[in-house]
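Notes follow the structure.
The values are calculated or read from the model by the stated rules, or taken from the named source; none is laboratory data. Worth saying up front: this structure is predicted, and the values here are computed from it rather than measured. Using ideal geometry, Cβ is built from the backbone for each residue, glycine included, and neighbour counts are taken over all protein chains shown. For accessibility, only protein heavy atoms count, side chains too; no ligands or nucleic acids. Shrake-Rupley method; radii C 1.70, N 1.55, O 1.52, S 1.80 Å.
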Amino acid sequence: MSAPSSPSPTIVKLSPECQQYYQDVRIKNKYQGVVYKINKEINQMVIDKTFSNGCNFKELTECFKENECCIIVFKYEVSNSPKLYFIYWGSESAPQSDKVLYSNAKLTLAITLKGVDVKIAGTKKSELTEEIFKERGTPKQA
């Protein structure tokens, strides 16, 4: 009798609007950001929420919820220059299966969404503070 094989990683598909909303943030400035979530019933990355232009950093951090994962694209100004952030949130307390699923989806999105300035990930809110965003978005001096 053979040992049970471990399940293969699930490939999450992107809904058609994922790319469109990204372009709405990056090029058209229609939104300041977008939150992507996985709809497990259809195994597809979908749009969960958008951020209106002019929203503050606190509104972004409200998406970093305990026991959850998400992926966010957010335009944030650093030194009078807007930077496009690709943010992976995988709460320490989120189910391991969700962390694996979102980690795989993160790779798919990162390949698909071109033009991101800064990639950042966190498992605790202390890893995604405004100071850290400013630091990561500021070019290093030679």
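Observations
- Any hit, region 130-141, residues being more than 18 Å from ILE11 (Cβ to Cβ) and assigned to a strand (DSSP E or B): no
- Tally, over region 24-40, of residues that are in contact (Cβ under 8 Å) with a residue 40 or more places away in the chain and hydroxyl-bearing (Ser, Thr, Tyr): 1
- Only one entry of LYS124, LYS83 meets the criterion of being over 23 Å from TYR22 (Cα atoms) and either touching an Asp or Glu at 6+ places or on another chain (Cβ under 9 Å) or of a type in the set (Phe, Trp, Tyr) (or both), and that entry is LYS124.
- Of the numbered criteria (1) within 27 Å of LYS30 (Cβ to Cβ); (2) open to solvent by less than 20 Å² (accessible area, probe 1.4 Å), the one LYS119 fails is (2).
- Only one entry in GLN19, GLN44 is within 23 Å of LYS83 (Cβ to Cβ) and at pLDDT below 95, namely GLN19.
- Among the residues making up region 104-142, those that are within 29 Å of LYS40 (Cβ to Cβ) and among the basic types (Lys, Arg) are LYS106, LYS114, LYS119, LYS124, LYS125.
- Applying a threshold of 7 Å to beta carbon distances and a minimum spacing of six or more residues, or different chains, the list of pairs starting in region 106-122 at a residue that is over 16 Å from CYS69 (Cβ atoms) and ending at one that is open to solvent by 60 Å² or more (accessible area, probe 1.4 Å) and not aliphatic (A, V, I, L, M) reads THR112/GLN19; GLY115/ARG26; VAL118/ARG136.
- Index of the failed condition, LEU128 passing every other in (1) under 11 Å from the mean Cα position of the chain (by Cα); (2) open to solvent by less than 40 Å² (accessible area, probe 1.4 Å): (1)
- Qualifying positions in region 45-83 - basic (Lys, Arg), without any contact (Cβ under 8 Å) to a residue 40 or more places away in the chain and closer than 11 Å to GLY33 by Cβ: LYS49
- Of everything in region 84-94 that is free of Cβ contacts under 8 Å to residues at least 40 places away in the same chain and in a strand (DSSP E or B), the residue that is surrounded by the most Cβ atoms within 10 Å (Cβ to Cβ) is TRP89.
- Hey, GLN19 over 24 Å from SER126 (Cβ atoms), in contact (Cβ under 8 Å) with a residue 12 or more places away in the chain and not hydroxyl-bearing (Ser, Thr, Tyr) or not: yes
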